[in-house]
1. Tell me, what is the FRET efficiency for Arg72 and Ile2 to the nearest 0.05, using R0 = 30 angstrom and their Cβ-Cβ distance as r?
2. Compute, for the chain, the length of the dipole vector about the Cα centre, with Cβ point charges of +1 (Lys, Arg) and -1 (Asp, Glu) only. Units Debye, rounded to 20.
3. Would you mind ranking Thr16, Thr94 by Cβ crowding within 10 Å, fewest neighbours first?
4. Which is the longest stretch in the chain that no exposed loop site breaks, taking sites as GluC sites (Glu not before Pro) with a DSSP loop state and at most 12 other Cβ atoms within 10 Å?
5. If the cut-off is 30 Å between C-alpha atoms, which lysines fall inside it for Lys37, apart from same-chain ones fewer than 8 positions away?
6. Where does helix 31-46 land angle-wise versus the long Cα axis of the chain, in degrees 0 to 90, nearest 10?
7. When the helix-only estimate is applied to the chain (DSSP H runs of n ≥ 4, each -39,500 (n - 2.57), divided by the residue count), what is the mean residue ellipticity at 222 nm, nearest 500 deg cm²/dmol?
8. Taking only Cα atoms, what is the 0 to 90° angle, nearest 10, from helix 64-104's long axis to the longest principal axis of the chain?
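Laboratory data are not the source of any read-out in this text; all were calculated from the coordinates shown. Model, not experiment: these values are computed from the prediction. Here the Cβ is made from the backbone with ideal geometry for all residues, glycine too, and neighbour counts use every protein chain on show.
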Amino acid sequence: MINILEDKLKEYKQLTQKMIEEASNEKIDNIGDLLEKRQEIINSINELNYSKEEFKKVASDLDIVNLENELRGILENKKMECKREIDKVKKKKTAHQVYNSAFTKNSYFIKQKI
């Protein structure tokens, strides 16, 4: 049983490493598929019969916790970058609207040939 658990956790580790690589290389589009595959592995691990101690031992041997923390940090940074970009776009849009409304609010255009 522990061999199956170890194999599943190795797969999980490989996918986590791939996600770290993809996120670091700005290939965010592929992360959704990798997350789905990881979830499938998690579901299959949950179906196995193992003790908490066995899981902890195998996970610590494979250094999964540190990889998870690294991935979480990278994804959190990417999330913050996206939020900053969205805020920039919102500010530019608001400034553009204010600038344009200042000229058109009390302005009249008369089309008349003189």
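1. After rounding to 0.05, the efficiency reads 0.65.
2. On the way: 23 positive and 21 negative charges, 326 e Å.
It works out to roughly 1560 debye.
3. Working: Thr16 18, Thr94 10.
Fewest to most other Cβ atoms nearby, the residues stand as Thr94, Thr16.
4. On the way: sites that count: Glu26, Glu47.
The segment 48-114 is the longest one with no such site.
5. Lys8, Lys10, Lys13, Lys18, Lys27, Lys52, Lys56, Lys57, Lys78, Lys79, Lys83
6. 30
7. Numbers: 4 runs with 90 residues, N = 114.
About -27500 deg cm²/dmol.
8. 10
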